[in-house]
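Enquirer: I am attaching a structure below and will ask some questions about it afterwards.
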Amino acid sequence: AQSVAQPEDQVNVAEGNPLTVKCTYSVSGNPYLFWYVQYPNRGLQFLLKYITGDNLVKGSYGFEAEFNKSQTSFHLKKPSALVSDSALYFCAVRADSSYKLIFGSGTRLLVRP
Amino acid sequence: DAGVIQSPRHEVTEMGQEVTLRCKPISGHDYLFWYRQTMMRGLELLIYFNNNVPIDDSGMPEDRFSAKMPNASFSTLKIQPSEPRDSAVYFCASSLLRGGTDTQYFGPGTRLTVL
């Protein structure tokens, strides 16, 4: 069965500092991995995805994520956080044999000025 | 592109009433997904369609829920009769399968409150 774990309910970081939001996954077969962001009272916005190829994926708004097959992780990173990055972040996975996305529980990112 | 459009954005109804949520996917997309988001259960996939055909409805909570996609540009999710525990935000998403992969794009959601 597919599953996604986001071990931190909330991540706090100061503006200008690097940020990391953690995600680990379990899937049969090759994983397709996604990060989405949700602002208050809005739908989910796509940030980036890993399908195959380079383990470091670059996405929208300066975010990137690193796929680590041995650790089954896909952590979201940004070199310098902005206050406007404060939002709810979701990691999602699907197997290459399915179109069903399984979402993690979400991590709230709070960037303080 | 206008993105995925959902209506209404907010719905307040009384227990026992029928509720219909509507979704217009991005033009040209061949997959459509309905999700429900609650604090307790997070984001759950209810059902998804491919080329207007329901593929997997295993996430539909019970027979009170039904979904249809009569054409490529419109889908509905109906709850009849509604119950307070159905209160949630319902999202529609669409995607285009290309090169063996797809990215789902979400609508703004419908916040349903059942009193």
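Enquirer: Exactly one condition in (1) among the small types (Gly, Ala, Ser); (2) outside any strand (DSSP E or B); (3) modelled with pLDDT of 95 or more is false for B:Gly59; which is it?
Expert: Of everything listed in (1) among the small types (Gly, Ala, Ser); (2) outside any strand (DSSP E or B); (3) modelled with pLDDT of 95 or more, B:Gly59 misses just condition (3).
Enquirer: Which residue pairs have Cβ atoms closer than 7 Å, lie 6 or more positions apart in sequence or on different chains, and pair a first residue in segment B:69-88 that is part of a loop (DSSP other than H, G, I, E, B) with a second residue that is aliphatic (A, V, I, L, M) and surrounded by fewer than 16 Cβ atoms within 10 Å (Cβ to Cβ)?
Expert: Partner pairs satisfying both residue conditions: B:Ser82/B:Met15; B:Glu83/B:Met15.
Enquirer: Another question, if that's okay. Using the structure shown, decide if A:Pro31 is exposed (fewer than 15 other Cβ atoms within 10 Å of the Cβ) and touching a residue at least 24 places away in the same chain (Cβ under 8 Å).
Expert: Answer is no for this residue.
Enquirer: Another one. Looking only at segment B:54-109, how many residues end up being of a type in the set (Val, Ile, Thr) and either within 11 Å of chain A (Cβ to nearest Cβ) or more than 28 Å from A:Tyr39 (Cα to Cα) (or both)?
Expert: Residues flagged as of a type in the set (Val, Ile, Thr) and either within 11 Å of chain A (Cβ to nearest Cβ) or more than 28 Å from A:Tyr39 (Cα to Cα) (or both) within segment B:54-109 amount to 4.
Enquirer: Here's a follow-up. May I ask you to list the residues in segment B:84-111 that are small (Gly, Ala, Ser) and more than 10 Å from B:Cys23 (Cα to Cα)?
Expert: B:Ser87, B:Ala88, B:Ser95, B:Gly99, B:Gly100
Enquirer: Any residue in segment A:92-110 that is under 10 Å from the mean Cα position of the chain (by Cα), within 14 Å of chain B (Cβ to nearest Cβ) and hydroxyl-bearing (Ser, Thr, Tyr)?
Expert: yes
Enquirer: Moving on. Return the residues of segment B:28-53 that are surrounded by fewer than 18 Cβ atoms within 10 Å (Cβ to Cβ), assigned to a strand (DSSP E or B) and within 11 Å of chain A (Cβ to nearest Cβ); say none if nothing qualifies.
Expert: Once the filter is applied, which keeps residues that are surrounded by fewer than 18 Cβ atoms within 10 Å (Cβ to Cβ), assigned to a strand (DSSP E or B) and within 11 Å of chain A (Cβ to nearest Cβ), segment B:28-53 yields B:Gly42, B:Glu44, B:Asn50.
Enquirer: Could I ask something else about it? Return the residues of segment B:9-27 that are part of a loop (DSSP other than H, G, I, E, B) and over 12 Å from the mean Cα position of the chain (by Cα); say none if nothing qualifies.
Expert: Within segment B:9-27, B:Arg9, B:Glu14, B:Met15, B:Gly16, B:Gln17, B:Glu18, B:Ile26, B:Ser27 qualify.
Enquirer: Name the strands (runs of 3 or more DSSP E) wholly within segment A:42-81 that hold at least 2 residues that are buried (at least 19 other Cβ atoms within 10 Å of the Cβ) and within 14 Å of another protein chain (Cβ to nearest Cβ)?
Expert: Answer list for segment A:42-81: A:44-50.
The values are calculated or read from the model by the stated rules, or taken from the named source; none is laboratory data. Bear in mind that the values here come from a model prediction, so they are computed numbers and not experimental data. A quick note on method: Cβ atoms are made from the backbone with ideal geometry, for glycine too, and the neighbour counts reach across all protein chains shown.
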